[in-house]
Amino acid sequence: MTNIEVMQAALRRVGLNTSASTFKDGARSYLNMVGKDIQNREKWNWMFKASTFSTSNGTQTYSLASDAATPLSFRNTTENHVIIIMSTQDLDAADPDHSISGDPRWAVIDGVDSSGYVQVSLYPKPDSTDTIAYRYYRLVPDFVEANDNSSLNGYYSPIIQPALVYGIAALYKQEKGDDEGAMADQREMERVIAVASRQNANVQGNRTYRMRRSDDRASGQFSYYPQEGSLS
Amino acid sequence: MPIAAESLRLGPWRAGVNYSLPAEEIGPEGLYDMGNCTVGQAGEVKKRKGYAKYNASAMNSGATVTALGQLVLAGTEKVFAIAGNKFFDVTGGTATDRTGSVTITAGNDNVWNWVLAGDTLVAVNGVDTDGITWAGGSNNAGTLDDDSRFTKPTWIAFWENRLWLGNENSNSDRVWRSDAGDITTWGATNYHQFGYEVHGLSPFGNALAVHTEQGIHTLTPTGNSTIPFQQQQQTQQGTIAGRSIVNIPGQRQLFVREDGIYQWAGGTQVEKMSFALDDRYWDDVNTARLAYSFALYYPNKEEVWFFLPHGAGQSTMDSVVVYSTRLDCWFGPYDNFTRDSAALIDDLPHAGDFDGYIMSHETGNNDDGDLIAGYFETGNIAPVGDSVECRWLYARTLFDNQGDYDVAVQQKAAGIVANVETLTMEHTGSTASFALLDSTFVLDTSTLQPELSTLTGDTDLFGYDPRTMLRFSNFVDDETFTIRRTSLMYKPIGRTRHRRTGLE
């Protein structure tokens with residue numbers, strides 16, 4: 001669905017004119033609010049992304065993609081090795097004047113730049129042009145009117161998109177004082193999120209695994225044997 | 001699952017239109033605005049009927065029709081008209097020049113007043129020296145013999161077997177009477193003086209009502225041969241437009257004054273009847289031209305049609321407002337035409353235009369081929385009060401099964417974006433299977449079918465506001481509608497604080 005399709009479906013549920021800019025503006029605000037709620041409910045598979053940046057000789061700090069919320073991992077694809085994330089304190093301890101250069105092996109999450117983009121510092125400071133690939137958990141930007149006719153598929157999985165409709169409708173009905181109607185839409189939103197959550201749990205990608213039982217015969221199982229006996 | 005909603009019923013609209021109140025003060029039976037629509041006897045609102053040419057060819061090269069009428073002369077029903085400087089027998093729609101040697105001065109404002117005086121048509125216009133007579137048949141019009149007592153009389157009446165003529169050239173406040181049974185004999189002193197300019201004559205009960213702007217005067221028979229009529233001023237207000245005087249059943253006389261339309265029931269008071277037309281309608285009436293307004297009683301529907309000049313600087317009568325004597329309410333205006341004269345012909349309103357035609361009103365669903373722009377707006381009602389927000393869900397409208405005609409249904413309210421939905425005035429998809437039983441039903445031949453004369457249709461409503469209103473309209477040629485009532489479904493939300501006025 002496009003942004004406008006989601007907004008108009010929500011406005012129909014609320015009972016508001018679907019073409020009036022006043023109501024579309026309201027629906028867009030609620031779309032952004034509901035989106036943030038949903039994004040942070042769990043680690044959605046469709047929120048993971050990857051990108052690259054290129055190093056240059058003598059430059060230590062680099063900005064990540066504008067939608068990168070949480071960097072997860074880095075690797076140098078030119079030199080074919082991983083880059084380990086370390087803390088800023090460790091960087092400063094290892095190289096107080098940030099003068100050491102070479103093939104970077106560590107990355108430090110170093111706040112945000114003037115545009116608000118996450119930036120990283122590499123250590124040692126690169127001495128050549130390498131391609132650094134990285135993975136991150138994304139941030140969906142606030143939509144504006146210019147995005148109305150854009151597809152949401154690049155931001156939200158189709159399975160979760162109905163939740164946006166219900167979420168917008170719920171917030172709008174609350175604004176209009178229709179708490180009963182808002183609760184009905186809220187229930188629908190939660191139902192869709194629950195379905196999407198089950199689907200998300202079955203994606204064999206960036207998920208968290210529970211430690212395995214010792215008797216499932218899988219490699220790397222967690223073994224724990226309670227010892228029989230008594231303390232004396 | 002049924003919808004948990006309350007219902008607000010609008011209509012039937014037996015209270016008619018009220019232009020003097022804001023929409024928020026008009027009840028479920030009233031209308032806020034309308035155009036080219038009629039309120040029927042059940043309070044239903046329907047698009048007015050159209051008009052068509054009565055005479056196929058324009059009279060007198062398209063001259064203005066300053067008089068028309070239908071009456072029985074010499075035992076034959078005749079239709080006559082005066083167009084420009086000629087007098088026509090227009091019986092059956094074919095105009096035959098019967099002017100003869102009479103003098104008729106053309107001019108849009110040279111309108112005629114006429115009566116059937118016994119067996120003779122007599123007409124005067126206040127411009128030409130003598131009145132016109134016509135005995136029907138194949139005769140030409142003639143000149144009224146008034147014994148040279150006066151010239152250019154303006155108003156005319158036939159009462160107590162006498163012809164009465166008022167407001168003549170030398171004495172605008174004078175009313176002359178002929179001898180009884182002889183409309184060509186006029187005594188030298190057989191007149192009455194009223195002190196004010198006479199604006200109209202109309203028999204009323206056992207009296208002749210003489211209208212001046214300053215009052216209605218009556219002449220009543222005394223039975224005394226020396227002083228046969230008693231003159232008496234009854235009221236302090238009379239008409240300014242003699243052609244607007246209409247007598248209606250119930251012994252009432254309606255007439256136009258500068259500030260509205262009044263009623264006189266024969267007593268010492270007049271009563272303003274047109275408060276409902278004040279402000280949003282009457283404010284736009286060109287009162288400078290009201291003296292040329294005219295009216296017509298339409299018995300079949302018990303309606304009075306007032307032809308008025310509506311609009312700044314409007315000189316001709318371009319607007320008809322209708323008073324329903326049956327419902328005691330107003331509706332209209334009817335527009336999309338200009339008229340200079342009117343009369344009842346074959347029981348239907350007819351009116352003369354400025355192009356040589358008599359137009360048969362209440363005919364067909366178009367205005368001589370043009371579309372009729374029919375619309376009406378309901379009151380703007382808050383079903384649970386101004387402080388309680390309502391979510392408006394949908395409207396269920398009851399309408400007559402009339403055909404594949406789309407009616408636009410527009411929802412309006414301060415806090416709601418105007419939205420237009422469509423209702424089709426027939427059973428969707430299969431009109432034939434729901435055809436009505438009628439007089440052509442033949443046993444053993446016709447199919448027995450359900451009688452569906454009215455249908456319902458639902459249209460969406462939108463938004464949140466304590467109140468809302470609907471506008472129904474159809475501006476399509478040869479299409480009509482009859483809306484009987486509508487129920488607005490809503491969900492009361494409760495009291496909510498608005499951040500600002502209007503949309504939010």
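The values are calculated or read from the model by the stated rules, or taken from the named source; none is laboratory data. Only a predicted model underlies this, so the values are computations on that prediction, with no experimental measurement involved. As a convention, Cβ positions derive from the backbone with ideal geometry for all residues, glycine included, and neighbour counts pool all protein chains shown.
Can you run down the residue pairs with Cβ atoms below 7 Å, 6 or more apart or on separate chains, where the first is in the stretch A:125-138 and among the hydrophobic types (A, V, I, L, M, F, W, C) and the partner is not in a strand (DSSP E or B)?
Short answer, once both residue conditions are applied: A:Ile132/A:Thr55; A:Ala133/A:Thr77.
Can you name every residue in the stretch A:4-40 that is of a type in the set (S, T, N, Q) and either at positive phi or modelled with pLDDT under 95 (or both)?
Within the stretch A:4-40, A:Asn17, A:Thr18, A:Ser19, A:Ser21, A:Thr22, A:Gln39, A:Asn40 qualify.
Taking the condition of being surrounded by fewer than 21 Cβ atoms within 10 Å (Cβ to Cβ), in a loop (DSSP other than H, G, I, E, B) and in contact (Cβ under 8 Å) with a residue 24 or more places away in the chain, how many residues in the stretch A:154-172 meet it?
Residues in the stretch A:154-172 being surrounded by fewer than 21 Cβ atoms within 10 Å (Cβ to Cβ), in a loop (DSSP other than H, G, I, E, B) and in contact (Cβ under 8 Å) with a residue 24 or more places away in the chain: 3 in total.
Can you confirm whether the stretch B:151-160 contains a residue that is of a type in the set (A, V, I, L, M, F, W, C), more than 22 Å from B:Ile227 (Cβ to Cβ) and under 30 Å from the mean Cα position of the chain (by Cα)?
Yes, the stretch B:151-160 has at least one match.
Does at least one position in the stretch B:271-288 carry a residue that is surrounded by 20 or more Cβ atoms within 10 Å (Cβ to Cβ) and within 27 Å of B:His192 (Cβ to Cβ)?
Scanning the stretch B:271-288 turns up no residue that is surrounded by 20 or more Cβ atoms within 10 Å (Cβ to Cβ) and within 27 Å of B:His192 (Cβ to Cβ).
Restricting to the stretch B:462-489, what's the tally of residues that are more than 14 Å from chain A (Cβ to nearest Cβ), part of a strand (DSSP E or B) and aromatic (Phe, Trp, Tyr)?
Going through the stretch B:462-489 one residue at a time, the tally reaches 1.
Need pairs with beta-carbon distance below 7 Å; first residue in contact (Cβ under 8 Å) with a residue 40 or more places away in the chain and within the stretch B:401-422, second in a loop (DSSP other than H, G, I, E, B) and small (Gly, Ala, Ser); sequence gap 6+ or separate chains.
Hits for this filter: B:Asn401/B:Ser453; B:Ala413/B:Gly463; B:Ala414/B:Gly502; B:Gly415/B:Gly463; B:Gly415/B:Gly502; B:Ile416/B:Gly463; B:Val417/A:Ala20; B:Val417/B:Gly463.
Collect the residues in the stretch B:291-309 that are crowded, with 20+ Cβ neighbours inside 10 Å, closer than 29 Å to B:Ala23 by Cα and not aromatic (Phe, Trp, Tyr), keeping them in residue-number order.
Within the stretch B:291-309, B:Ser293, B:Ala295, B:Glu303, B:Val304, B:Leu308, B:Pro309 qualify.
Out of the stretch A:129-144, which residues are assigned to a loop (DSSP other than H, G, I, E, B) and out of contact with any Gly (no Cβ under 9 Å at 6 or more places or on another chain)?
A:Thr129, A:Asp130, A:Leu139, A:Pro141, A:Val144
Scan the stretch A:9-23 residue by residue and report those that are among the hydroxyl-bearing types (Ser, Thr, Tyr) and within 8 Å of another protein chain (Cβ to nearest Cβ).
Result: A:Ser19, A:Thr22.
Select from the stretch B:475-504 the residues that are among the hydrophobic types (A, V, I, L, M, F, W, C) and closer than 30 Å to B:Ser453 by Cα and write down the one among them that is surrounded by the fewest Cβ atoms within 10 Å (Cβ to Cβ).
Here the residue is B:Phe475.
Collect the residues in the stretch B:34-54 that are surrounded by 22 or more Cβ atoms within 10 Å (Cβ to Cβ), touching a helix residue (DSSP H, G or I) at 6+ places or on another chain (Cβ under 9 Å) and part of a loop (DSSP other than H, G, I, E, B), keeping them in residue-number order.
Once the filter is applied, which keeps residues that are surrounded by 22 or more Cβ atoms within 10 Å (Cβ to Cβ), touching a helix residue (DSSP H, G or I) at 6+ places or on another chain (Cβ under 9 Å) and part of a loop (DSSP other than H, G, I, E, B), the stretch B:34-54 yields only B:Tyr54.
Of all residues in the stretch B:490-504, which are within 8 Å of chain A (Cβ to nearest Cβ) and outside any loop (DSSP other than H, G, I, E, B)?
Selection gives B:Lys491, B:Ile493, B:Gly494.
Among strands (runs of 3 or more DSSP E) lying entirely in the stretch B:289-385, which contain 1 or more residues that are on the phi > 0 side of the Ramachandran plot?
B:329-334
If a residue counts only when it is crowded, with 18+ Cβ neighbours inside 10 Å and touching a helix residue (DSSP H, G or I) at 6+ places or on another chain (Cβ under 8 Å), which helices (runs of 4 or more DSSP H) contained entirely in the stretch A:1-97 have at least 1 such residues?
Ranges flagged: A:3-14, A:21-39.
Among the residues of the stretch B:386-401, write down those that are more than 14 Å from every other protein chain (Cβ to nearest Cβ), assigned to a strand (DSSP E or B) and not hydrophobic (A, V, I, L, M, F, W, C).
Correct list: B:Arg396, B:Thr397, B:Asp400.
Quick check on this structure: which one of B:Leu21, B:Leu68 is surrounded by 24 or more Cβ atoms within 10 Å (Cβ to Cβ), on the phi < 0 side of the Ramachandran plot and out of contact with any Cys (no Cβ under 9 Å at 6 or more places or on another chain)?
B:Leu68
Looking only at the stretch A:44-63, decide whether some residue is more than 14 Å from chain B (Cβ to nearest Cβ) and free of Cβ contacts under 8 Å to residues at least 60 places away in the same chain.
yes
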